[in-house]
Amino acid sequence: MVESNPVAGAVDALLRGVGQVMFQNNPLTGLLFVVGIFINSVRFGWAALLGVAVSTATAYALGVDRPLIRNGLFGFNGVLTGIALAFFLQLNGVLIAYIIVGAVASTVVMAALAHLLQVWDVPALTAPFVLVAWMMLFGVFVFAHLRPTPLIAPVTPDPTLTVVTQLREFPVGGGPVGATPANLAQALFRGVGEVMFQDNLWTGVVFLVAILVNSPISFVMALIGTILGGLTGLAVGADGVGIWHGLYGFNAVLTGIALGGMFVVLNWRSVPYMMVAVIFSTIVFAAISVWLAPIGMPALTAPFVLTTWLFLLARNNFRVLDPVRLDRITTPERHRAEFIRQPDIGPGAPGGEGRGL
Amino acid sequence: MVESNPVAGAVDALLRGVGQVMFQNNPLTGLLFVVGIFINSVRFGWAALLGVAVSTATAYALGVDRPLIRNGLFGFNGVLTGIALAFFLQLNGVLIAYIIVGAVASTVVMAALAHLLQVWDVPALTAPFVLVAWMMLFGVFVFAHLRPTPLIAPVTPDPTLTVVTQLREFPVGGGPVGATPANLAQALFRGVGEVMFQDNLWTGVVFLVAILVNSPISFVMALIGTILGGLTGLAVGADGVGIWHGLYGFNAVLTGIALGGMFVVLNWRSVPYMMVAVIFSTIVFAAISVWLAPIGMPALTAPFVLTTWLFLLARNNFRVLDPVRLDRITTPERHRAEFIRQPDIGPGAPGGEGRGL
Amino acid sequence: MVESNPVAGAVDALLRGVGQVMFQNNPLTGLLFVVGIFINSVRFGWAALLGVAVSTATAYALGVDRPLIRNGLFGFNGVLTGIALAFFLQLNGVLIAYIIVGAVASTVVMAALAHLLQVWDVPALTAPFVLVAWMMLFGVFVFAHLRPTPLIAPVTPDPTLTVVTQLREFPVGGGPVGATPANLAQALFRGVGEVMFQDNLWTGVVFLVAILVNSPISFVMALIGTILGGLTGLAVGADGVGIWHGLYGFNAVLTGIALGGMFVVLNWRSVPYMMVAVIFSTIVFAAISVWLAPIGMPALTAPFVLTTWLFLLARNNFRVLDPVRLDRITTPERHRAEFIRQPDIGPGAPGGEGRGL
């Protein structure tokens, strides 16, 4: 049906585009992601749909290879750009035009980074989203017609400030405090939801189910990511409010999925490698957040992108790891099966017919 | 005469170096650019000449391929570095030595970035100037012998500040206010002049004539750039004083020329692509300006460089665009003519004898 | 003995790892570097040893090519990461775990950057250390369990501040003031010591002896670097306290060694090239320091890395320079001798058996 009916084909490509936010090339996963967003916020749901539609349509109009579009590779950065602009900026007519420009730009930057990184067979990940969203957010304090929400505001770093590490929902007053099972569950599930800016436990639950539908391995890696990210935050003594709301989880989730079987074959040697990457990405999250604090801007998924690029670029010098070529990317399960049958899906092997960028 | 007389040859190379600031490989264009600068400021005129002479001489001394030098490719970053340092720093003996070091460094960085970017057949643009000028300006607040002019000073971003969007010359008092024809003309022509830091309507007029002498297409693209840049500034509600003085124009002008027939063949599909790039570069100008505000540093032409790199890197994934190989760069007019005769001047075609970097 | 006895082999690799901080692939140099650090601080000595051990062991565990490990190429970034974290953070149990994570990450980032830069035959230098240390330091103001020492604190750049340029030990009171021989000697030797954060004249002396043991040319280049760096600081009017403590020397030392015969054959044309690079790296030190001042973070050796990358990338476009291929790196002395015998050790020549990354 997807191949014969153009409308079904378009819907399929758009849903895969949403699924690709977490590397899941599966329309059902994408549909559940959309449901998860709408559960938390109708406004962000529409922003996500506008983003994925405009960025995918731009790719068609500019003549991108059809299989790449069909696999949703020109949709996921549009999804995130749409939600991010709607999340940090107040709604008005200019914002809608701004989201459209951002979604168009996300497709251009995706094509640019894919071409740039082809030299090393490394994926663009969500870097197009990060770059476009930063460029479109940094200037808003000097734009009269695009006003920030209270979620972004400049802060001068202060080494003398006392950091309160106890898990809790609010900075002061209200709600239970400390590492209670309920608070830990909030941190865990919100960490998954925050991948798409959804600060909501139930959205996190739906996102996890959506991943499970496509890949049990990715589901486990997302869980490991959000747990290990939160624990790293607790270990270094990060702000307990931030951890509670999942801020120390979302980069860790993406890093866990990417290095847990997606771009490196899953085995007993790649798991500790993935875990170091998850811990490092969490530290990098704090670093980039502080770096951008004087201009009041968010780290977005830059910590995940930076960490995963480094851990993927390094893989060719590490004999214990088995890389997966970009044009053979499917699911962690199939990578394992194929690798056992024919252990040459790495960069040196002849061409496949997978995901492609 | 240029080939037989070494002095004429040197003057020709230097003038082409000035012309290359806006991609015009033409000594007459370069001469008119120099005239335009001197109209506004004798001091900046001498700084430009010092910059182009030192950077070009450095290229000779280090053994750069002669055709590249003759085409002015090792002059334009020196021009801009010279003017920028003279623009933001107070004149004294140390400054003159500092400009010489900067012009030498601009030639090294040009050679470095040209080599780096060769992998993707993407030009260095004015990135050598941006990098060298930033490195030489960032430190001046801690240098007793190089003092900043009042044009650079740290500002803490403030989301609560009201942005006044009306076009006007001064922040308070004096002069007509609003989108009057006179104010729009100021914004339009100053946008072109600001490419070389010349905040002067008549300099902008001379620069446009200088471009027209070499390429009517580039002339039209410069006009589209400055107009669309200013309109983008008005649309997002940028500060009207900045727009009046052409700050929302100069990156847009360069982006318009670069993508309007210079590195991509001009046709009805590349024009909207160029227009999106111009709009994006204008947003990026505000972004980089705010990013550097806490240390009081200027965006220079970094918004143009970043945007144009991304839109050029992407072109290989977009079937509707026809790229022009770097070694076949001449003028937008000849690119169109050659492409119609022989549509293979893109990255896959055999070697030409054009500009080269 | 090193080849037959595994313990001796490991010690040899670790000492070479320490030596490689200044490109000296020699265990005796490494041993003297360790002695120099312990002379100044037992704590930093242990941090250096922990760093080199963990980063080298990580490289073994991940299956890096043995010759690269034996040459110490997976040790020097661990050394610097260990010292840097111990230098800027207060000692506690979390810090020790943090240093271990940092040393592991430094090996991953080394493998990543080596692979990335292979395209241009350019070395990673100390970039892995800079990147890892920045990412692990930027966030510490928001980590309750890792507290900064008073050496890092946010400062807002202030163009109106008067810079006191006289050489002196303390900002106010105490000690002789001005360019006395004693003060100049302090600046000179501390500039060498600061390469490893050792603000100590005698450590600088020991480091110089350590370099001399392996390469007289590198010894001279280190001296030229620290002198020219300090003079550049004096010329632009930098803070005299900073110069006295060697802050304007350490990037210059590394740049001098790298471009003075190590990655470019030493001859009368490469010496002025190296000197321009040293001057530029000193200006870049001030630039990056000011850039990071609002978040209170140190420039580390980023000025050396940026400058040397640019001057190495450029070398292929400059006919007067003779590059040395990475896989043929040994000592400046042997590069000269080999180049005279067989002038094709540059990027085009067939494979050698040198250092390798």
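Values for this structure:
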{"read-out": "Residue satisfying condition, being surrounded by fewer than 24 Cβ atoms within 10 Å (Cβ to Cβ) and modelled with pLDDT of 95 or more, within set C:119, C:109, C:130", "value": "C:119"}
{"read-out": "Residue under evaluation residue C:315, criteria (1) assigned to a helix (DSSP H, G or I); (2) open to solvent by 20 Å² or more (accessible area, probe 1.4 Å); (3) at the interface with chain B (Cβ under 10 Å from one of its Cβ atoms), criterion not met", "value": "(2)"}
{"read-out": "Number of the condition not met by residue A:298 [criteria: (1) under 30 Å from residue B:286 (Cβ atoms); (2) of a type outside the set (Lys, Arg); (3) part of a helix (DSSP H, G or I); (4) open to solvent by 10 Å² or more (accessible area, probe 1.4 Å)]", "value": "(3)"}
{"read-out": "Cβ-Cβ under 6 Å pairs, at least 6 apart or on other chains, segment C:285-306 side within 12 Å of chain B (Cβ to nearest Cβ) and in contact (Cβ under 8 Å) with a residue 12 or more places away in the chain, far side of a type outside the set (A, V, I, L, M, F, W, C) and open to solvent by less than 10 Å² (accessible area, probe 1.4 Å)", "value": "C:285/C:251; C:285/C:303; C:286/B:139; C:287/B:139; C:288/C:303; C:290/B:139; C:303/C:251; C:303/C:281"}
{"read-out": "Hits in segment B:30-48 - residues which are open to solvent by less than 60 Å² (accessible area, probe 1.4 Å), in contact (Cβ under 8 Å) with a residue 24 or more places away in the chain and over 13 Å from residue B:205 (Cα atoms)", "value": "B:30, B:41, B:44, B:47, B:48"}
{"read-out": "Residues within segment C:141-154 that are surrounded by 15 or more Cβ atoms within 10 Å (Cβ to Cβ), hydrophobic (A, V, I, L, M, F, W, C) and in contact (Cβ under 8 Å) with a residue 12 or more places away in the chain, tallied", "value": "4"}
{"read-out": "1 or more residues within 14 Å of chain A (Cβ to nearest Cβ) and crowded, with 24+ Cβ neighbours inside 10 Å: qualifying helices (runs of 4 or more DSSP H) within segment B:184-250", "value": "B:216-236, B:240-244"}
{"read-out": "Among the candidates C:284, C:324, residue that is under 25 Å from residue A:156 (Cα atoms) and either buried (at least 23 other Cβ atoms within 10 Å of the Cβ) or at pLDDT below 95 (or both)", "value": "C:284"}
{"read-out": "Hey, residue A:53 over 26 Å from residue A:217 (Cβ atoms) and open to solvent by less than 10 Å² (accessible area, probe 1.4 Å) or not", "value": "no"}
{"read-out": "Segment B:273-284, residues that are closer than 13 Å to residue A:104 by Cβ and at the interface with chain A (Cβ under 9 Å from one of its Cβ atoms)", "value": "B:273, B:276, B:277, B:279, B:280, B:283"}
{"read-out": "Wholly enclosed helices (runs of 4 or more DSSP H) of segment A:1-88 bearing at least 1 residues farther than 27 Å from residue A:146 by Cβ", "value": "A:6-19, A:27-40, A:42-61, A:66-70"}
{"read-out": "Matching residues, segment B:173-208, being among the hydroxyl-bearing types (Ser, Thr, Tyr) and over 9 Å from residue B:36 (Cβ atoms)", "value": "B:180"}
{"read-out": "Any hit, segment B:67-74, residues being under 23 Å from residue C:273 (Cβ atoms) and free of Cβ contacts under 8 Å to residues at least 12 places away in the same chain", "value": "no"}
{"read-out": "Failed criterion for residue C:152 (all others in (1) part of a loop (DSSP other than H, G, I, E, B); (2) within 30 Å of residue C:325 (Cβ to Cβ); (3) β-branched (Val, Ile, Thr) hold)", "value": "(2)"}
{"read-out": "Pair list, Cβ < 6 Å and 6+ apart or interchain, from segment C:160-178 residues that are within 30 Å of residue B:90 (Cβ to Cβ) and in a loop (DSSP other than H, G, I, E, B) to residues that are among the hydrophobic types (A, V, I, L, M, F, W, C) and open to solvent by 60 Å² or more (accessible area, probe 1.4 Å)", "value": "C:166/C:177; C:167/C:179; C:168/C:177"}
{"read-out": "In segment C:165-204, the residues that are of a type in the set (Val, Ile, Thr) and under 20 Å from residue C:253 (Cα atoms)", "value": "C:192, C:195, C:203"}
{"read-out": "So residue A:168, is it among the charged types (D, E, K, R) and either touching a Ser or Thr at 6+ places or on another chain (Cβ under 8 Å) or under 30 Å from residue B:156 (Cα atoms) (or both)", "value": "no"}
{"read-out": "In segment C:89-106, the residues that are within 11 Å of chain A (Cβ to nearest Cβ) and either open to solvent by 10 Å² or more (accessible area, probe 1.4 Å) or aromatic (Phe, Trp, Tyr) (or both)", "value": "C:92, C:93, C:94, C:97, C:98, C:100, C:101, C:104"}
{"read-out": "Residue selected from segment C:251-272 under the condition away from every other protein chain (no Cβ under 11 Å) and without any contact (Cβ under 8 Å) to a residue 24 or more places away in the chain, by the criterion surrounded by the fewest Cβ atoms within 10 Å (Cβ to Cβ)", "value": "C:268"}
{"read-out": "Members of segment B:111-130 found to be without any contact (Cβ under 8 Å) to a residue 60 or more places away in the chain and either assigned to a loop (DSSP other than H, G, I, E, B) or facing chain C (nearest Cβ under 8 Å) (or both), listed by number", "value": "B:111, B:112, B:113, B:115, B:116, B:119"}
{"read-out": "Matching option when the condition is within 24 Å of residue A:306 (Cα to Cα) and at pLDDT below 95, among A:152, A:217, A:224", "value": "A:152"}
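Okay, residues lined up against (1) of a type in the set (D, E, K, R); (2) in contact with a Ser or Thr (Cβ under 6 Å, 6 or more places away or on another chain); (3) within 23 Å of residue B:333 (Cβ to Cβ):
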{"site": "B:20", "(1), (2), (3)": "no, no, yes"}
{"site": "B:24", "(1), (2), (3)": "no, no, yes"}
{"site": "B:27", "(1), (2), (3)": "no, no, yes"}
{"site": "B:34", "(1), (2), (3)": "no, no, no"}
{"site": "B:44", "(1), (2), (3)": "no, no, no"}
{"site": "B:50", "(1), (2), (3)": "no, no, no"}
{"site": "B:59", "(1), (2), (3)": "no, yes, no"}
{"site": "B:63", "(1), (2), (3)": "no, no, no"}
{"site": "B:87", "(1), (2), (3)": "no, no, no"}
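The values are calculated or read from the model by the stated rules, or taken from the named source; none is laboratory data. Just so we're clear, the structure is a prediction, and the values are computed from it rather than from any experiment. Methodologically, a virtual Cβ is constructed for each residue, glycine included, from the backbone with ideal geometry; neighbour enumeration extends over all protein chains shown. What goes into the accessible areas is simple: the full protein's heavy atoms, side chains included, and nothing from ligands, DNA or RNA. Shrake-Rupley method; radii C 1.70, N 1.55, O 1.52, S 1.80 Å.
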